[in-house]
Structure formats: C-alpha cells, structure tokens
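Peer 1: Just passing along the structure, written as structure tokens.
The values are calculated or read from the model by the stated rules, or taken from the named source; none is laboratory data. Note that the coordinates shown come from a computational prediction; the quantities given were computed from them, not determined experimentally. Note that we place each Cβ from the backbone using ideal geometry, even for glycine, and neighbour counts take in every protein chain shown.
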C-alpha cells in the first residue's frame, strides 16, 4: 500500500521533515481558475503550488529530468455551472493547461480526482434542472427519475477523461506521465440525496481507474469499543449524518465488484489527534485497508484550526506528531508494516503492535544512516526544505 499526504505545501513539508517523503502528495485546484498549477495560491487553507510540490521530489526541471513523484490532484468542478461549462467546451484551455503543466513538471504519476466527493451535498453536483419527477415509492425511482440529476456530473467527468486522453494517450507509455482517473465518493451515506446511493453517479468502467472514498467521522462510530471522546468526535459537529463505516464498506464492495483499485482519497480523525486516537480511529481504518485491499491511503496531516477556511469547522489538529504513539505507529504504516488481523477474534494483536513499532523504528534508523548513498536525490530534497 502507498501512503499519500496532504493537503497544503507547508503541512507536506513538515510531514517530510518528520517522516520522509511519502509515495504520493496532494494538490487541489479549481477547474474554472486553475490557480496553483504553475504558480502559488492560498484559498485560506494553506498554499497550493504544483511546481513547488514537484521540487520536493527533484529541484530540477526540463526535458532531460527523469519522471519523478506521484501527485493526487483534487479537481474541483465548481458545482453544476462548472459541469455545464466543461461539457460545452468552454474550459478546454484550462484542461489543456493542467495537462501541459503536469508534463512540463515531469510528474511520473497522477491520480486525478475529478469532481472529488461528487455525492457531498455541499458541493452541489446534483443537477436539479436535469432531474425528472416521479413517484418516490416506485421501486425504479432511483434509476428512472432521480439518477437523471447525476447525468450532468457523469457527462462532465467523461468529458475530462476523454480530453486528457486525447492529449496523453489512453495508456502510460515509457517516458510519459501515467494518468489515473479517480471516482471519489464522500462515503457518508445518502444524506441530502434521498434514498438513492452513490452508484448512480458512476460514469462507467471505461472512465474509472480507481475508486476513492473519504474517511473522517465514520471510523469513530464503527463499533462499541470507541472511547466516549471518540464517540463525541464522531458526531462530526453537524446534524447531517452520524454514520458508521457501512457506506465506506459499500464503496469498497462496489470497487471490488468492478475490479477497480480502492484508495482512501482523503482522511483524518475529525476533531483532531489525541491520546488514544490510534485505537479509536486509525485501527478501524487499518482494518478497512486490509479488508478491501486499499492501494493508497491519503492522510491530511495538518492543523486545520490554524487555517482561515477551516477554523472553527471542527476538524481540529490532525497532525500525526500531536500524539507520540500515533506518530510512531504511522512510521510503521509508511514502511508497510501492518498489524496481523486475528481471524477468529477480529481484533488487532498487541504483540503485532510492538513488533511493528520496533521493526519500523529499526528500519527507519538504518535507512536514514545510508540514505545519502542509496537515494541521493531524495536526500537532496530533504535538505532543501529543512
């Protein structure tokens, strides 16, 4: 499993100083403005800059620079008006700019989350004008009537994929950036969308390389063993939904049934990192990773409350270094050292915890000693951002 860290430049730099460069890093932009693609922008949630993120892998740029680094791009499609602008071709130049910037900067791999969290009602991707009225008691209501409102999103998603493919090819050849198209669900149930589920937003197998899901509140509400603090944080600070992992597991089953890779596209314990959060939240996520063979785990390692956009929303401080045990256990995750799941009891063995911790720290120390000899380019990148 790969690890992926976000979600702003400063937070990613701090993570690298503490844990080393992850397999993938996160970047966000807006299809109508495409800020940060070849410069710097701060929407109030920290600096976004694709070229500066690339420099964390390699400070050089040019045709002779080897392809390096993997980036997870969250592409905001600007609600229903943005969807229509995409479909009409009005934003073709912006899509071309995104593609050309990635190629120029010599990224090795891109996971492009097109209209991430499409089923999040706050993001307004459901096209009410396109929806058809019908009897909600009709067993075919979702497929015959309600799903018409998702057609605009699906058309825009497919348009983006077809456009990028027309520039880069449908597959990754030697010397070319590998593009993966990610269909990313909110993972929080059907709140705001009636009883019709996430599957009605699916654009088709030919347009999806990976399926993504978000995990914030849900792991806190999964099971009876969470602490009272976890249960309180799991409420999420709103009245939309107090869900458990059921929807996330449904997304996992959907991906498995379609033969698609599953990634945790965004995650962090809502409310912040605290003593005991590893057992309350992280172990639930680890179990999900094992059960659904998750290929990439994207974690948002930042102090949300220090950022203007998120201050007071409730995400808190989810920096891994906020708790010593969480910090050390994450090193094991970075090195691929997972706890063995007890098939009979369904619990995580404490012996496995100790083994992971000891082995992880030993490997980390030994690797650090010989890092400059084996991975000179990464060592150079580390020194540049300290």
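Peer 1: Among the candidates 280, 293, single out the residue that is surrounded by fewer than 20 Cβ atoms within 10 Å (Cβ to Cβ) and either in a helix (DSSP H, G or I) or free of Cβ contacts under 8 Å to residues at least 60 places away in the same chain (or both). Show your work before the answer.
Peer 2: On the way: 280 fails: surrounded by fewer than 20 Cβ atoms within 10 Å (Cβ to Cβ).
On inspection, the qualifying residue turns out to be 293.
Peer 1: Does region 304-326 contain at least one residue that is modelled with pLDDT of 95 or more, part of a strand (DSSP E or B), in contact with a strand residue (DSSP E or B) (Cβ under 9 Å, 6 or more places away or on another chain) and buried (at least 21 other Cβ atoms within 10 Å of the Cβ)?
Peer 2: no
Peer 1: Evaluate the following for residue 89: is it at pLDDT below 95 and at positive phi? Even if it seems obvious, please write down each step before you answer.
Peer 2: Values: at pLDDT below 95: no; at positive phi: yes.
So residue 89 does not fit the description; no.
Peer 1: Same structure again: Out of the residues in region 244-267 meeting the condition of being more than 13 Å from residue 187 (Cβ to Cβ) and surrounded by 17 or more Cβ atoms within 10 Å (Cβ to Cβ), tell me which one is nearest to the chain's Cα centre (by Cα).
Peer 2: As a first pass, look at region 244-267 and keep what is more than 13 Å from residue 187 (Cβ to Cβ): 256-261.
Then keep just the ones that are surrounded by 17 or more Cβ atoms within 10 Å (Cβ to Cβ); that gives 260-261.
Numbers: 260: 16, 261: 13 Å.
This residue is 261.
Peer 1: Could you say whether any residue in region 162-182 is assigned to a loop (DSSP other than H, G, I, E, B), under 21 Å from the mean Cα position of the chain (by Cα), modelled with pLDDT under 95 and closer than 25 Å to residue 128 by Cα? Steps first, please.
Peer 2: Residues of region 162-182 that are assigned to a loop (DSSP other than H, G, I, E, B), as a first pass: 169-177.
Retained after the next criterion (residues that are under 21 Å from the mean Cα position of the chain (by Cα)): 177.
Filter once more, so that each one left must be modelled with pLDDT under 95: 177.
Filter once more, keeping what is closer than 25 Å to residue 128 by Cα: none.
No, there is no match, as no residue in region 162-182 is assigned to a loop (DSSP other than H, G, I, E, B), under 21 Å from the mean Cα position of the chain (by Cα), modelled with pLDDT under 95 and closer than 25 Å to residue 128 by Cα.
Peer 1: Determine which single condition residue 106 fails, assuming it passes every other condition in (1) in contact with a strand residue (DSSP E or B) (Cβ under 9 Å, 6 or more places away or on another chain); (2) on the phi < 0 side of the Ramachandran plot; (3) in contact (Cβ under 8 Å) with a residue 40 or more places away in the chain.
Peer 2: (2)
Peer 1: Where in region 1-93 are the strands (runs of 3 or more DSSP E), entirely inside, with at least 3 residues that are surrounded by fewer than 18 Cβ atoms within 10 Å (Cβ to Cβ)?
Peer 2: Working: elements: 2-6, 24-30, 68-76.
It comes to none.
One line per residue, one yes/no per condition, for (1) in contact with a strand residue (DSSP E or B) (Cβ under 9 Å, 6 or more places away or on another chain); (2) more than 30 Å from residue 288 (Cα to Cα):
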| position | (1), (2) |
| --- | --- |
| 4 | yes, no |
| 9 | yes, no |
| 23 | yes, no |
| 30 | yes, yes |
| 33 | yes, yes |
| 39 | no, yes |
| 70 | yes, no |
| 92 | no, yes |
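Peer 1: Could I ask something else about it? Within region 100-125, how many residues are in a loop (DSSP other than H, G, I, E, B), touching a helix residue (DSSP H, G or I) at 6+ places or on another chain (Cβ under 8 Å) and surrounded by fewer than 21 Cβ atoms within 10 Å (Cβ to Cβ)?
Peer 2: Within region 100-125, residues that are in a loop (DSSP other than H, G, I, E, B), touching a helix residue (DSSP H, G or I) at 6+ places or on another chain (Cβ under 8 Å) and surrounded by fewer than 21 Cβ atoms within 10 Å (Cβ to Cβ) number 2.
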